[in-house]
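These notes are about the structure you will find just below.
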Amino acid sequence: MKPILSPGDFVLVDPVAFTHSPPLPGAVVVAKHPYLSSIVIKRVSQVLEDGVFVVGDNSEASSDSHQFGRVNFKAILGRVTSRIS
C-alpha cells in the first residue's frame with residue numbers, strides 16, 4: 001500500500017475520537033511508541049482486548065506492531081483527521 005504521509009507533512013488529530021469507543025480497523029492513529037520516547041502514526045489492523053495492533057502503510061520500510069507489539073489503548077493520542085502537505 002502506498003503511504004498516506006510523506007516527510008514534512010502535517011496532520012490534524014482528533015484527541016477525543018476514541019474517548020467512548022476503541023478505534024476500528026483501518027483508522028489512522030497517533031500513539032506513543034511502546035518502548036521509545038517517540039510518537040508513531042500508524043493504521044490500526046486489529047483491535048485486541050487490551051490495545052491495538054498497528055501497521056505502517058509502507059510494509060517494506062515500516063516499524064510497527066510486527067516489531068514492537070500491540071499498542072495499549074492508553075497510549076493512543078487521537079485519530080488523524082487530515083493531512084496537510
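The numbers here are math on the coordinates, done by the rules we state, and not lab data. This one's a predicted model, so the numbers in the text were calculated from it and none came from an experiment. Methodologically, a virtual Cβ is constructed for each residue, glycine included, from the backbone with ideal geometry; neighbour enumeration extends over all protein chains shown.
What tally of residues in the range 66-81 results from selecting those that are under 12 Å from residue 22 (Cα atoms) and without any contact (Cβ under 8 Å) to a residue 40 or more places away in the chain?
2
Given (1) free of Cβ contacts under 8 Å to residues at least 60 places away in the same chain; (2) of a type in the set (A, V, I, L, M); (3) touching a Phe, Trp or Tyr at 6+ places or on another chain (Cβ under 7 Å), where does residue 84 come up short, assuming only one miss?
(1)
Restricting to the range 1-38, name every residue that is of a type outside the set (A, V, I, L, M, F, W, C), assigned to a strand (DSSP E or B) and either in contact with a helix residue (DSSP H, G or I) (Cβ under 9 Å, 6 or more places away or on another chain) or closer than 18 Å to residue 55 by Cα (or both). Walk me through it before giving the result.
Going through the range 1-38, the residues of a type outside the set (A, V, I, L, M, F, W, C) turn out to be 2-3, 6-9, 14-15, 19-23, 25-26, 32-35, 37-38.
Checking the rest, the ones that are also assigned to a strand (DSSP E or B) come to 14, 32.
Matches in the range 1-38: 32 only.
Considering only the range 43-65, state which residues are part of a strand (DSSP E or B) and without any contact (Cβ under 8 Å) to a residue 24 or more places away in the chain. Before you say what the answer is, go through the steps one by one.
From the range 43-65, those part of a strand (DSSP E or B) are 43-47, 51-55; that's our starting set.
Within the range 43-65, 43, 44, 45, 46, 53, 55 qualify.
Which residue is farthest from the chain's Cα centre (by Cα), if the candidates are limited to the range 66-84 and must be surrounded by 14 or more Cβ atoms within 10 Å (Cβ to Cβ) and assigned to a strand (DSSP E or B)?
Pass one, the range 66-84, residues surrounded by 14 or more Cβ atoms within 10 Å (Cβ to Cβ): 68, 70-73, 75-80, 83.
If we keep only those that are assigned to a strand (DSSP E or B) too, we end up with 71-72, 76-80, 83.
Details: 71: 9, 72: 11, 76: 7, 77: 9, 78: 8, 79: 8, 80: 8, 83: 14 Å.
Across the range 66-84, the extreme among qualifying residues is 83.
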